[in-house]
Amino acid sequence: MTSARTFESIVIIFNPNSTGDARKLAERLHGELEDILSYAVDIRLQPTGHAGHAVELARDAVRGGGDVLVVSVSGDGGYNEVVNGVMQGGNPRAVCAVLGAGNANDHRRSTGTQPLGEAIAGGRVRSIDLLRVHTGEGPDSPGEYAHSYVGFGLTPVVAMDLEKGGKGALKELVSAMRTFSKLEPFEIRQADGKRRSLDSLVLANIAEMAKYATLSDADQKLSPWDKQSRRRALFDDAQVVPPRGGGGPHLIAANFARKTA
């Protein structure tokens, strides 16, 4: 049985402009941890000041080594920055956690089993996979990590449109309708060299998503064996390739283990 984890420092990174009240939630978690932790630990609040700042803060927090917990009080986007910062920091003993303060909070909603403060106090740490995406060709091509899912086709196009149009049920509906009108298929190249044209492809690391659109019910008509065969054919070293006319990146997805509270 794995012993409970304790931490030398806990860094709480929050987005003061999150759609949830991130500052209040971060301050509340800070106070709760000071009250319930049975050991001495340095607990710091770190607000972000601009897009990408959480990457820098998380990287700096873990770079010195040791048992460091980095908590992101934000939505899925803010947590993604923290995860990438921790991975860049190169500290194998670092742990990530998220306290949802965004619009969807898919990761926290899908993986959380108890209040975060209680989980930290109990030292309950689980290892999960991350999705690693390389842009470009070759093993040294730049890479980023995703903690929940990576989408191609419809998913990223809708996401970018939502950022422009704003959040909220009505605005999101308008954005989705606008996206469908300009959606174009993309191609993947399978391990056997064959190409397939798709409208949407999601590689997921969590069991559910708060917001999704059903393009077709065709998959529901497949047997479990056919579905498994289709997934194996699509995801065995599949690459998303640029248009035949050039432009656009190569994208390759792979799994990578990381610890998270």
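Order these peptides, 189-199, 68-78, 90-100, by their mean beta-carbon neighbour count within 10 angstrom, highest first. Could you put the intermediate results ahead of the total?
Details: 189-199: 11.8, 68-78: 27.1, 90-100: 20.4.
The peptides rank, most packed first, as 68-78, 90-100, 189-199.
With a ≥ b ≥ c taken as the square roots of the eigenvalues of the C-alpha gyration tensor of region 1-75, please select rounded if a/c is under 1.5 and otherwise prolate if a/b is larger than b/c or oblate if it is not? If you can, show how the numbers build up before the last one.
Working: a/c = 2.27, a/b = 1.38, b/c = 1.64.
Verdict is oblate for region 1-75.
Could you order GLU118, GLU144 so the one with the most accessible surface comes first? Probe is 1.4 Å. Please report the intermediate quantities before stating the final value.
On the way: GLU118 95, GLU144 120 Å².
Of GLU118, GLU144, the descending order of accessible area is GLU144, GLU118.
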Under Karplus coefficients 6.51, -1.76 and 1.60, residue-wise ³J(HN,Hα) of region 85-90 in Hz, glycine/proline x: x, 5, 5, 5, x, x
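Can you list which of the GluC sites (Glu not before Pro) found in region 1-89 are DSSP loop residues with at most 15 other C-beta atoms within 10 Å? Mind showing how you got there, number by number?
Numbers: sites: GLU8, GLU27, GLU32, GLU34, GLU56, GLU81; in loops: GLU8.
Of the GluC sites (Glu not before Pro), the ones in loops of region 1-89 whose Cβ has at most 15 other Cβ atoms within 10 Å are GLU8.
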Output ordering of 41-51, 145-155 (per-residue mean of other Cβ within 10 Å, highest first) is 145-155, 41-51
Search the structure for amide H atoms under 5 Å from the amide H of SER74, placed 1.01 Å from N in the peptide plane, and list their residues when 5 or more places away or on another chain. LEU99, ALA101
To the nearest 20 debye, region 17-110 has a Cα-centred charge dipole, built from +1 on Lys and Arg Cβ and -1 on Asp and Glu Cβ, of 140
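The values are calculated or read from the model by the stated rules, or taken from the named source; none is laboratory data. This is a predicted model, so every value here is computed, not measured. Glycine gets a Cβ as well: all are built from the backbone with ideal geometry, and neighbour counts include every protein chain shown. Side chains included, ligands, DNA and RNA excluded: accessible areas come from the protein's heavy atoms. Shrake-Rupley method; radii C 1.70, N 1.55, O 1.52, S 1.80 Å.
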